[in-house]
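For reference, the structure is listed below as C-alpha coordinates.
The values are calculated or read from the model by the stated rules, or taken from the named source; none is laboratory data. Remember, it's a predicted structure, so these values are computed and weren't measured experimentally. When we count neighbours, we look across all protein chains shown, and the Cβ atoms used for this are built from the backbone with ideal geometry, even at glycine.
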Amino acid sequence: MKAQELYQQGFDLGRRELYKEAAEAFTQAINLNPDFVEAYIIRARIRSVIGEKQGAVEDFQKAIDIYRARGQSQIADMLLVPLNSLQNEINDGQEDQGQPEVEDEPEGK
(Lines give C-alpha, C1' and ligand atoms only; values in the text may rest on other atoms or scores of the structure.)
Protein backbone atom coordinates (compact mmCIF):
# COMPACT_ATOMS: atom_id res chain seq x y z
CA MET A 1 0.00 0.00 0.00
CA LYS A 2 1.22 3.51 -0.77
CA ALA A 3 1.72 6.21 1.85
CA GLN A 4 -1.17 8.28 0.46
CA GLU A 5 -3.53 5.28 0.65
CA LEU A 6 -2.51 4.61 4.25
CA TYR A 7 -3.03 8.28 5.05
CA GLN A 8 -6.55 8.11 3.60
CA GLN A 9 -7.23 4.90 5.50
CA GLY A 10 -6.09 6.58 8.73
CA PHE A 11 -8.28 9.56 8.02
CA ASP A 12 -11.31 7.30 7.44
CA LEU A 13 -10.60 5.33 10.64
CA GLY A 14 -10.32 8.56 12.59
CA ARG A 15 -13.70 9.72 11.32
CA ARG A 16 -15.16 6.49 12.67
CA GLU A 17 -13.44 7.22 16.01
CA LEU A 18 -11.14 4.20 15.67
CA TYR A 19 -8.26 6.31 16.89
CA LYS A 20 -5.66 3.67 17.71
CA GLU A 21 -6.15 2.03 14.33
CA ALA A 22 -6.00 5.43 12.66
CA ALA A 23 -2.75 6.28 14.44
CA GLU A 24 -1.27 2.99 13.23
CA ALA A 25 -2.26 3.74 9.63
CA PHE A 26 -0.61 7.17 9.88
CA THR A 27 2.49 5.54 11.37
CA GLN A 28 2.68 3.17 8.41
CA ALA A 29 2.29 6.11 6.00
CA ILE A 30 5.11 7.94 7.78
CA ASN A 31 7.32 4.84 7.64
CA LEU A 32 6.88 4.78 3.86
CA ASN A 33 7.34 8.54 3.51
CA PRO A 34 9.22 10.10 6.47
CA ASP A 35 8.52 13.63 5.17
CA PHE A 36 4.73 13.15 5.02
CA VAL A 37 4.02 16.25 7.05
CA GLU A 38 0.23 15.99 6.93
CA ALA A 39 0.40 12.48 8.42
CA TYR A 40 2.45 13.80 11.35
CA ILE A 41 -0.08 16.56 12.00
CA ILE A 42 -3.15 14.32 11.96
CA ARG A 43 -1.38 11.64 14.00
CA ALA A 44 -0.44 14.34 16.52
CA ARG A 45 -4.07 15.33 16.89
CA ILE A 46 -5.15 11.71 17.29
CA ARG A 47 -2.40 11.02 19.82
CA SER A 48 -3.58 14.02 21.80
CA VAL A 49 -7.16 12.69 21.83
CA ILE A 50 -6.11 9.25 23.06
CA GLY A 51 -3.86 10.65 25.76
CA GLU A 52 -0.47 10.14 24.11
CA LYS A 53 0.45 13.77 24.66
CA GLN A 54 4.24 13.33 24.50
CA GLY A 55 3.91 11.49 21.18
CA ALA A 56 1.68 14.29 19.93
CA VAL A 57 4.33 16.86 20.91
CA GLU A 58 6.96 14.88 19.00
CA ASP A 59 4.73 14.69 15.91
CA PHE A 60 3.98 18.42 15.94
CA GLN A 61 7.69 19.16 16.38
CA LYS A 62 8.57 16.89 13.43
CA ALA A 63 5.96 18.62 11.26
CA ILE A 64 7.37 22.01 12.26
CA ASP A 65 10.90 20.84 11.38
CA ILE A 66 9.75 19.60 7.97
CA TYR A 67 7.95 22.85 7.16
CA ARG A 68 10.96 24.93 8.23
CA ALA A 69 13.28 22.76 6.09
CA ARG A 70 10.97 23.45 3.16
CA GLY A 71 11.15 27.19 3.81
CA GLN A 72 7.52 27.31 4.96
CA SER A 73 8.11 29.01 8.30
CA GLN A 74 4.70 30.65 8.36
CA ILE A 75 2.96 27.26 8.38
CA ALA A 76 5.47 25.96 10.93
CA ASP A 77 4.69 28.92 13.18
CA MET A 78 0.96 28.11 13.10
CA LEU A 79 1.74 24.66 14.54
CA LEU A 80 3.42 26.26 17.54
CA VAL A 81 -0.01 26.99 19.03
CA PRO A 82 -1.13 23.36 19.43
CA LEU A 83 2.45 22.32 20.29
CA ASN A 84 2.71 24.86 23.12
CA SER A 85 -0.77 23.97 24.34
CA LEU A 86 0.17 20.29 24.61
CA GLN A 87 3.45 21.10 26.33
CA ASN A 88 1.55 23.20 28.86
CA GLU A 89 -0.90 20.35 29.48
CA ILE A 90 2.00 17.96 30.05
CA ASN A 91 3.75 20.38 32.40
CA ASP A 92 0.54 21.10 34.33
CA GLY A 93 -0.07 17.37 34.71
CA GLN A 94 3.43 16.82 36.06
CA GLU A 95 3.03 19.65 38.55
CA ASP A 96 -0.30 18.21 39.72
CA GLN A 97 1.27 14.80 40.26
CA GLY A 98 4.01 16.29 42.41
CA GLN A 99 1.65 18.16 44.71
CA PRO A 100 -0.22 16.18 47.34
CA GLU A 101 -3.77 17.32 47.80
CA VAL A 102 -4.37 19.03 51.10
CA GLU A 103 -7.83 18.88 52.57
CA ASP A 104 -9.19 21.82 54.46
CA GLU A 105 -9.10 21.31 58.18
CA PRO A 106 -12.62 20.85 59.52
CA GLU A 107 -14.05 23.86 61.32
CA GLY A 108 -14.10 23.80 65.08
CA LYS A 109 -10.72 22.17 65.61
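Among the residues of the range 21-32, is any of a type in the set (Phe, Trp, Tyr) and free of Cβ contacts under 8 Å to residues at least 24 places away in the same chain?
Just the residues of the range 21-32 that are of a type in the set (Phe, Trp, Tyr), to begin with: 26.
Those still in the list that are free of Cβ contacts under 8 Å to residues at least 24 places away in the same chain too: 26.
Yes, there is a match, as at least one residue in the range 21-32 is of a type in the set (Phe, Trp, Tyr) and free of Cβ contacts under 8 Å to residues at least 24 places away in the same chain.
Tally time: how many residues in the range 63-88 are in a helix (DSSP H, G or I) and in contact (Cβ under 8 Å) with a residue 24 or more places away in the chain? Outline the logic, then answer.
Step one: filter the range 63-88 for residues in a helix (DSSP H, G or I), giving 63-69, 73-78, 80-88.
Among the residues that remain, those that are also in contact (Cβ under 8 Å) with a residue 24 or more places away in the chain are: 63, 66-67, 82-83, 86-87.
So the count comes out to 7.
Scan (1) hydrophobic (A, V, I, L, M, F, W, C); (2) surrounded by fewer than 18 Cβ atoms within 10 Å (Cβ to Cβ); (3) part of a helix (DSSP H, G or I) for the single condition MET1 breaks and write down its number.
Looking at each condition in turn, MET1 falls short on (3).
Across the range 5-43, what is the total count of residues that are under 13 Å from the mean Cα position of the chain (by Cα) and either of a type in the set (Lys, Arg) or not in a helix (DSSP H, G or I) (or both)?
2
If only one of LEU32, LEU79 is within 24 Å of TYR7 (Cα to Cα), crowded, with 17+ Cβ neighbours inside 10 Å and modelled with pLDDT of 95 or more, which one is it? Steps first, answer last, please.
Working: LEU32 fails: crowded, with 17+ Cβ neighbours inside 10 Å.
LEU79 is the lone residue from the list that is within 24 Å of TYR7 (Cα to Cα), crowded, with 17+ Cβ neighbours inside 10 Å and modelled with pLDDT of 95 or more.
Could you please tell me which pairs satisfy a Cβ distance under 7 Å, a separation of 6+ or placement on different chains, a first residue in the range 44-61 that is acidic (Asp, Glu) and in a helix (DSSP H, G or I), and a second residue that is crowded, with 18+ Cβ neighbours inside 10 Å and modelled with pLDDT of 95 or more?
Going by the 7 Å Cβ cut-off, the qualifying pairs are ASP59/TYR40; ASP59/ARG43; ASP59/ALA44; ASP59/ARG47.
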